[in-house]
């Protein structure tokens with residue numbers, strides 16, 4: 001018997017604003033914007049019996065496809081840059097501008113967080129223009145036109161990343177043993193085999209300002225720390241100097257069983273990720289304020305600055321934990337609810353027949 005399902009998300013615009021501070025009144029924030037995103041997720045699980053064993057394991061295959069540009073991989077002439085399909089920008093409100101009041105509508109907040117100047121994005125679009133006539137043919141509408149209304153805000157805007165049309169295909173294969181993982185036996189650690197394949201139609205444009213790269217790194221780190229605080233109970237956590245992740249404090253007299261029982265299995269990821277296929281080799285073009293082209297550079301340097309020192313392991317792990325696991329949980333709950341509803345309906349029909 002096999003269980004599975006699929007989910008898809010398809011749209012024209014997607015925008016996420018992450019404030020760099022404790023609340024919405026923070027002076028700066030990062031704006032993640034996608035044009036024409038298409039996200040599809042499939043999962044399938046079935047029981048398997050291994051030779052010489054009476055217990056069954058669970059074999060799971062999950063696939064995530066992410067496309068920008070509705071998977072329309074249009075090839076531009078050599079040397080021509082297309083309009084960015086995704087951007088990551090740092091937005092800083094000016095000193096005299098204040099955020100909306102506490103009871104402001106959602107539309108007002110969207111106008112506030114997306115009120116950006118697009119000189120840098122227009123510069124990216126015009127970087128290969130040779131005359132003013134070519135410049136006028138470039139679309140003048142903002143990437144965020146779907147959200148912005150008439151607003152008087154004029155925030156400072158600094159582009160960190162600008163991505164072209166692209167596609168990412170991520171696949172993971174899990175084999176879950178019948179026994180739960182044990183702290184005492186590392187051989188029982190579940191193995192996850194992954195494959196990551198990407199394709200870009202053009203260069204990824206990256207800022208030359210190292211401070212902007214560090215801003216994005218600090219922002220992501222701050223959000224991860226907040227998530228860690230929400231997941232782990234504070235009463236059992238401690239942090240050593242220079243240690244990024246919390247540890248669980250145990251009494252010296254506690255037994256191995258007590259130590260293992262104190263672990264919350266839903267908050268500890270026991271899986272060992274192995275990426276067998278890795279194809280992530282986009283070229284990067286540095287964003288220059290003068291608009292002139294700068295020779296493309298490698299992606300490894302930027303990934304290291306963002307904290308991905310072992311990108312081949314870290315990126316699949318983040319995709320699995322941050323995207324595929326939550327989607328799989330949603331599908332599991334829906335399938336369980338559907339099964340329960342069908343069973344209740346079957347029992348109800350059986351009772352009606354007995355009464356008649």
Close pairs (8 angstrom Cβ cut-off, 6 or more residues apart or separate chains): on the phi > 0 side of the Ramachandran plot and touching a residue at least 40 places away in the same chain (Cβ under 8 Å) in the range 32-48, crowded, with 19+ Cβ neighbours inside 10 Å and part of a strand (DSSP E or B) anywhere: 36/68
Tally of residues being surrounded by 14 or more Cβ atoms within 10 Å (Cβ to Cβ) and within 18 Å of the chain's Cα centre (by Cα) across the range 10-42: 21
Residue match in the range 305-316 (condition: modelled with pLDDT of 70 or more, touching a strand residue (DSSP E or B) at 6+ places or on another chain (Cβ under 6 Å) and not in a helix (DSSP H, G or I)): no
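Residue-wise test of (1) surrounded by 10 or more Cβ atoms within 10 Å (Cβ to Cβ); (2) part of a helix (DSSP H, G or I); (3) modelled with pLDDT under 85.
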residue	(1), (2), (3)
242	no, no, yes
245	yes, no, yes
265	yes, no, yes
352	no, yes, yes
Qualifying residue in the range 324-335 (condition: surrounded by fewer than 11 Cβ atoms within 10 Å (Cβ to Cβ), at negative phi, modelled with pLDDT under 80 and out of contact with any helix residue (DSSP H, G or I) (no Cβ under 6 Å at 6 or more places or on another chain)): no
Residue within the range 48-63 that is under 30 Å from residue 218 (Cβ atoms), modelled with pLDDT of 90 or more and touching a strand residue (DSSP E or B) at 6+ places or on another chain (Cβ under 6 Å) present: no
Any hit, the range 95-102, residues being touching a helix residue (DSSP H, G or I) at 6+ places or on another chain (Cβ under 6 Å), surrounded by fewer than 19 Cβ atoms within 10 Å (Cβ to Cβ) and modelled with pLDDT under 85: no
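The values are calculated or read from the model by the stated rules, or taken from the named source; none is laboratory data. Nothing here was measured: the structure is a model prediction, and the numbers come from that model. Methodologically, a virtual Cβ is constructed for each residue, glycine included, from the backbone with ideal geometry; neighbour enumeration extends over all protein chains shown.
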